[in-house]
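Trainee: Could you have a look at this structure, given as structure tokens, before my questions?
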Amino acid sequence: MERIERQPEFDPAPATILVCDDDASLRELVRAVLGPRYRFVEAADGVEALTLARELHPDLIVLDVMLPALSGIEVLEALRLDDELRSLPVVVITAWAHAEVDAQLAGADRFVSKPFDPDDLSAAVEELLA
Amino acid sequence: MTLARRMWLASATLAILVGAAFAALVLAVSAQREATDREARSKDVIAASLQLEKLVSDAEAGFLGFTVTRAGSSLEPYESARRGLPARLRVLQTLVADDPTQRARVQRLTSRIHGYVYLFIAPLIPLLREEPGLNEDAGPAQTGKSQTDEIGRLFRNFRSAENKLAAMAARDADARTHLAVVVGAIVVGASMALITLFGIVLARSIGRPIRAAASGANRIAGGELSLRLPPEGPGEVGELTRAFNSMAERLEENRRELEAQNAELRESERMKTELVSIVSHELRTPLASVLGFTALLLKREFDPPTRRHYLGIVDAQARRLAALLEDFLDVQRIEHEGVDLATEKVDLAVLLDEQAQLYAAQSPKHRLEVDLPERPLTVRGDPNRLAQVVGNLLSNAIKYSPDGGLVEVVAANTGESVRIAVRDRGRGIPADQQSRIFTKFFRGDAGATGITGTGLGLAVSREIVEAHGGSIGFDSDPGEGTTFWLELPGPNGEQMTTDAKTEVGG
């Protein structure tokens, strides 16, 4: 609550976060954890995530690995090959044991394992947006 | 013919041949001995005849001396010859006893000699003693001369015949010996040929199949279990080959069984792996929601409506977990006890509408259309179980057409059976996965592409449909979409027939 009050001093426009997960309840959880100080855009699959990222240039992406149509790893690879989106911070959420290694290769900035502690996700996002 | 019998026959033949060769040898030796005996006897016969002739000429000489001297002492040689004559004649008769021709000659000689010595000389001697003036050089002397000439001639004939006989016997013996030697040589040659032939046959009929069996055994030991020997070779060797082949057959069969068992083990291993990955993903997602929201609620303060909203999500996700667990247990139950149906009259029209609305609400990207030929569409079945099947098919149609689009539900009633088809325009089922679609936990590459599910829906659906006496199947073109259909016994039919006259899928 304190931070939210402090936030406008440094960044008057709220940061936009793209939340990509095929499960609606997990998207809502991410929104609930990060709180009302950010603006959220949601994508339910990989193709949608990539489309929205290119259209909206969000400040950060929270990306689940297991996605229909295009997996999180493929989304990450596509982002890192895109000149405009290359430096976009990405937090990867994974319930998949081997995905962490693959995502690391593709250049994820932070990993949060599913099920995650709310504070871990908050810390990762705040660190990347600081 | 068995090998032992062949060997026995060959040995017997060899024994007979060797026996024949020996017999020929014995024959040759005995012919030679016979010839020697005959020769020796001929010598004896000739010696005896010479001695006899000498006696006759002694008798003649004594008699002629007496006619000249008229002295009794001059008769001494005659008297001595006359005394020895019978014994000498008997000796000669005995020697030629077994030869009719020579015996006849000896008989003639005997009577001549008797005639000369006993009938001619013996009566003349007293006559000459009593009348010393009797002219001795007249008739008697002439008569005696002609008689001794005749006796001499008979002796010569006899001896010449005897010599001829001896020579003939020797020639005959030589011919027989020669024949025996030739026969013996042929038989020995035949024996050698037979032994050689026997050796070759043994080598070919035993050696070759046994070598083949040995190299076959090595190849089988090397893993080449499909190897079979050509079923050749006599008797026991053939048996060995057959035994070898049946051994290989058994080995191959065992290996096939082991491979099948291995495949089963691999399949169950794969199912375990699938299960672990399904549990880790399908259970972790709702669990992550439950844990995440409860942690958030415990750590931070929220206003009552927000808190209530989050608790609602926790509740829904916990129920989702419970439902997943129920699915697993359901499969377990169905596998062990079969499907327990609570059968009643079901209006499929209502059931299909309800399920379509339910799933349409969950996926705004998809348009669901239900097209029925008649209402109501009645079958006998368990409404909850049938709803579960239709729900599964709709859920699959939505999940496997991630780009959205039309999902059609059509039905047809033939009276005997009711056919329901759910058609999507999604990715389709790859040809290599089509045969395993109804296998428990099988999800193809769905897991890797992020499509959620347990891999249980179709397996359970099939059990349910079959428990209703119906059937379930699909037609799929990869890239074009999939049509799943199920047929249930209609209101008029007790058991359903798999007569698929109405083509509603395409």
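Laboratory data are not the source of any read-out in this text; all were calculated from the coordinates shown. The structure displayed is predicted, hence computed values, not measured ones. Reconstructed Cβ throughout: ideal geometry from the backbone, glycine too, with neighbour counts over all protein chains shown.
Trainee: Enter the Cα centre distance for the pair the range B:95-132 and the range B:401-473, rounded to the nearest angstrom.
Mentor: Here the two parts' Cα centres lie 144 Å apart.
Trainee: Counting only other chains, what is the mean number of Cβ atoms within 10 angstrom of the Cβ of each residue in peptide B:282-292?
Mentor: So the per-residue partner count for this stretch is 6.
Trainee: Here is a further query. What is the Cα centroid distance between the range B:278-331 and the range B:197-213, reported in whole angstrom?
Mentor: 82 Å
Trainee: Further question on the same structure: Below 19 Å, Cα to Cα, which aspartates and glutamates can residue B:54 reach? Residues fewer than 8 away in the same chain don't count.
Mentor: Residue B:54 reaches B:44, B:76, B:79, B:149, B:150, B:162.
Trainee: Using mean Cβ contacts within 10 Å as the protection proxy, how do B:293-302, B:382-391 order, highest first?
Mentor: B:382-391, B:293-302
Trainee: Which of B:230, B:201, B:247 sits farthest toward the positive end of the charge dipole of the range B:137-259, with +1 on the Cβ of Lys and Arg and -1 on the Cβ of Asp and Glu?
Mentor: B:201
Trainee: For a 27 Å ceiling on Cα separation, which of these pairs sit above it: B:299/B:365; B:43/B:145; B:345/B:399; B:272/B:399; B:399/B:440? Working shown, then result.
Mentor: Numbers: B:299/B:365 36 Å; B:43/B:145 29 Å; B:345/B:399 31 Å; B:272/B:399 23 Å; B:399/B:440 18 Å.
Long pairs (Cα-Cα over 27 Å): B:299/B:365; B:43/B:145; B:345/B:399.
Trainee: Rounded to the nearest 0.05, what FRET efficiency do residue B:365 and residue B:327 give with R0 = 25 Å and r taken as the Cβ-Cβ distance? Could you check?
Mentor: After rounding, the FRET efficiency stands at 0.55.
Trainee: Which listed residue (B:318, B:86, B:460) has the Cα farthest towards the positive end of the charge dipole for chain B, taking +1 on Lys and Arg C-beta and -1 on Asp and Glu C-beta about the Cα centre?
Mentor: It is B:86, whose Cα lies furthest towards the positive end.
Trainee: Give the peptides B:153-161, B:405-413 in descending order of average Cβ contacts within 10 Å, highest first.
Mentor: B:405-413, B:153-161
Trainee: Length gain on complete extension for the stretch residue B:318 to residue B:276, per 0.36 nm per residue less the alpha carbon to alpha carbon distance?
Mentor: Details: separation 42, 0.36 × 42 = 15.12 nm, distance 1.96 nm.
Working it through step by step, the gained length comes to 13.2 nm.
Trainee: Tell me which DSSP H helices of chain B clear both cut-offs, 18 Å or more of axial length from alpha-carbon atoms and a mean Kyte-Doolittle hydropathy of at least 1.0.
Mentor: The qualifying helices are B:284-299.
Trainee: Run the dipole for chain B about the Cα centre, Lys and Arg Cβ at +1, Asp and Glu Cβ at -1, nothing else charged, and hand back the magnitude in debye, nearest 20.
Mentor: Here the size comes out at about 3200 debye.
Trainee: Return a whole-number percent for the relative contact order of chain B, with Cα pairs under 8 Å and 6 or more residues apart as the contact set.
Mentor: Details: 577 pairs, mean separation 56.3, N = 506.
The value is 11 percent.
Trainee: So between residue B:97 and residue B:47, what do we pick up on full extension, going 0.36 nm a residue minus the alpha carbon distance?
Mentor: Using 0.36 nm per residue and subtracting the Cα-Cα distance, I get 16.4 nm.
Trainee: Okay, next question. Please give the length that would be gained between residue B:8 and residue B:253 if that part of the chain were fully extended, namely 0.36 nm times their separation in residues minus their C-alpha to C-alpha distance (nm, one decimal).
Mentor: Working it through step by step, the gained length comes to 84.3 nm.
Trainee: Counting other beta carbons within 10 Å of each Cβ, put B:198, B:66 in order, fewest first.
Mentor: Final ranking by Cβ density, sparse to dense: B:198, B:66.
Trainee: Could you work out how far apart the two model spin labels at residue B:265 and residue B:156 are, taking each label as a point 7 Å from the Cα in the direction of the beta carbon, and quote it in nm?
Mentor: Inter-label distance under the simple model: 11.9 nm.
Trainee: 7 Å from Cα along Cα→Cβ at both residue A:123 and residue B:342: what's the point-to-point distance in nm?
Mentor: 5.1 nm
Trainee: Given +1 on the Cβ of Lys and Arg, -1 on the Cβ of Asp and Glu, and no further charges, what dipole in debye does the protein assembly as shown carry about its Cα centre, rounded to the nearest 20?
Mentor: That gives a dipole near 6780 debye.
Trainee: For the residues A:120, B:149, B:424, what sequence is obtained by ranking on other C-beta atoms within 10 Å, fewest first?
Mentor: Sorted ascending by nearby Cβ count, the order is B:149, A:120, B:424.
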